[in-house]
Amino acid sequence: MILRNALRLRGSLDLSRFHNINSITSSLLHQQKFARQASTYSDDKTTHFGFKNVGEKEKKEAVLGVFHSVADSYDLMNDAMSLGVHRVWKDAFMKKLDPGPNTKLLDVAGGTGDISFRFLDYVGKEAVNKDDGASVTVFDINASMLKVGEARASELGHTKGISFVQGDAQELPFEDNTFDCYTIAFGIRNVVKIDEALKEAHRVLKPGGRFMCLEFSKVKPQELESLYDLYSFQVIPPMGKILAGDWDSYQYLVESIRKFPDQ
């Protein structure tokens, strides 16, 4: 069953966005249970949006705007920017995860489904179709990215063992000790408060659960750094303009990589 836009809002609960919830009472109890995880954003506290210093609220809204803008062309641009190598990285990432037939996966910032679809292919239809078998929850703050992911899931025939939930990584609407694995691929650098997202990841993972993060970092060997910078700043933003009609969003993406801690 695909759950679309099951977003818990701070201070209120939009019950019309939930599907197959047993009762209003259980939903309200669910909201109260997780109230302690409420995350706040302040423009009095600054962070970075690419190379710019901005308030926390401003970064949250700016990142939402970036991924709303690039959602429809996100997968095409990934192929163009990496010459298809991102597919190799993601395949290796899933092989490293090595999920079993009963694995419950939370794929955060999973929007268009690249990691989640690999998970479903890896565990196989038998694992997905059996009672209490493998399943993945695609979790993303951006409705546009989730919409693309849902459409792709339908096209690929992934109708079982997958759900799509909209929400904030700093405020996960799930019970403690729910998931066997938590993955986040090319997403954590866009989170405003990474420490809060990591605490939430720890909370929802079962004891012995696995946290796996796939992210860009510094180039090694150092001699390649100037070539990497040239490609990043002189090729990727113009490519974004040509293929997606959006220079600024891809300028942010390459800047955000430089602001992320190295290995």
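The values are calculated or read from the model by the stated rules, or taken from the named source; none is laboratory data. Since the model is a prediction, treat every value here as computed from it, not as a measurement. FYI the Cβ positions are ideal-geometry reconstructions off the backbone, even for glycines, and counts take in every protein chain you see. Note: areas computed on protein heavy atoms with side chains; ligands, DNA, RNA excluded. Shrake-Rupley method; radii C 1.70, N 1.55, O 1.52, S 1.80 Å.
The residue among His158, Thr183, Val138 whose Cα reaches farthest toward the positive pole of the charge dipole of the range 128-190, with charges on the beta-carbon of Lys, Arg, Asp and Glu, is His158. Inter-part distance, the range 67-104 to the range 193-263, computed on C-alpha centroids, equals 13 Å. The phi torsions of the range 197-209, fed into the Karplus equation with coefficients 6.51, -1.76 and 1.60 and a -60° offset, translate into couplings of 5, 5, 4, 5, 4, 4, 5, 7, 7, 5, x, x, x Hz, rounded to whole numbers, with Gly and Pro shown as x. The label point for Val85 and the one for Trp247, both projected 7 Å from the Cα toward the Cβ, are 2.6 nm apart.
Over the range 87-238, with a single point scatterer placed on each C-alpha, what log10 of the ratio I(q)/I(0) does the Debye formula yield at q = 0.15, 0.19, 0.21 1/Å? Log-scaled intensity ratios, in q order: -0.81, -1.18, -1.36. Taking 22 Å as the limit for the C-alpha separation, the pairs Lys90/Lys206; Lys57/Lys193; Lys96/Lys206 exceed it in the case of Lys90/Lys206.
Per-atom-type breakdown for the range 89-215 gives carbon and sulfur 50% of the accessible area (1.4 Å probe, protein chains only). Counting only heavy atoms of the protein chains and using a 1.4 Å probe, Phe51 has close to 110 Å² of accessible surface.
Which residues in the range 49-64 have a backbone N closer than 19 Å to a point placed 7 Å from the Cα of Glu225 along the Cα-to-Cβ line? Of the residues in the range 49-64, 51 have backbone N under 19 Å from the label point off Glu225.
Counting Lys +1, Arg +1, Asp -1, Glu -1, what net charge surrounds Ser82 among other residues with beta carbon under 14 Å of its beta carbon?
Numbers: positive: Arg87, Lys90; negative: Asp75, Asp79, Asp91, Asp114, Glu215.
Here the count lands on -3.
Put a dot 7 Å past the Cα of Leu64, heading toward its Cβ, do the same for Asn129, and the two dots end up 4.1 nm apart. Using alpha carbons only, the radius of gyration of the range 150-263 set against its Kirkwood radius gives Rg/Rh = 1.04.
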